[in-house]
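Since every read-out is calculated from the coordinates, none of them should be taken as a lab result. What you see is a predicted model; the values in this text were computed from it and never measured. Because the Cβ atoms are built from the backbone with ideal geometry, glycine has one as well, and the counts that use them run over all protein chains shown.
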Amino acid sequence: MKKENENLIVKLSLEFALDIITYSEKLEELKKYVIARQLLKSGTSIGANVREAQNAESKADFVHKMKIAAKEADETEYWLTLCELAPNYPKPENLQEKLISIINIISKIIITSKSNL
């Protein structure tokens, strides 16, 4: 297994995915199945795409995969906002703050990588 600790975005997105799994399980316990599944898919996909980008075949491929991670992060932000606003849902604690940090890092990576193409 690779050393995720050496790469900040890989580490943060993996930790975030684990937090999303835990929160999705809480939603499942409350029978909030649809949102739980949507959130689980998009929230764990961020890290999967970041990880896949680490083995990109070119700089353009790397940027493309990071853009997919950014789209998944945006979708995850939508689902977390719904959970935050819905009266009968548990609040997502600090997941939104963690996600904002991830979004900011991914955005900077994309901008830097595109300028080096």
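For region 4-115, the Cβ-based charge dipole about the Cα centre amounts to some 260 debye (Lys, Arg positive; Asp, Glu negative; other atoms uncharged). Between ALA48, HIS64, ALA17, the Cα set farthest toward the positive side of the dipole of the chain (charges on each charged residue's Cβ, about the Cα centre) is that of HIS64. Taking other residues whose beta carbon is less than 15 angstrom from the beta carbon of GLY43, and scoring Lys, Arg as +1 and Asp, Glu as -1, yields -4. The count of lysine pairs in region 4-115 whose Cα atoms are under 18 Å apart, excluding pairs fewer than 8 places apart on the same chain, comes to 25. When the Cα convex hull of the chain is projected onto planes of every orientation, the mean area is 7.3 nm². Note on LYS11 and THR81: their simple-model spin labels are 3.0 nm apart, each label 7 Å out from Cα toward Cβ.
Potential lengthening of the chain between SER107 and LEU18 amounts to 29.9 nm, from the contour at 0.36 nm per residue minus the alpha-carbon distance. What does the charge add up to near VAL34, with Lys and Arg as +1, Asp and Glu as -1, over the other residues with Cβ less than 12 Å from its Cβ? Taking every Cβ under 12 Å from that of VAL34, the sum is +3.
With both labels modelled 7 Å from their Cα along Cα-to-Cβ, the ASP74 to GLU28 distance reads 2.9 nm.
Protection proxy ranking, highest mean first, for peptides 66-76, 15-25: 66-76, 15-25, where packing is the per-residue count of other beta-carbon atoms within 10 Å, averaged. The distance linking region 36-53 with region 63-117 is 10 Å (Cα centroid to Cα centroid, whole angstrom).
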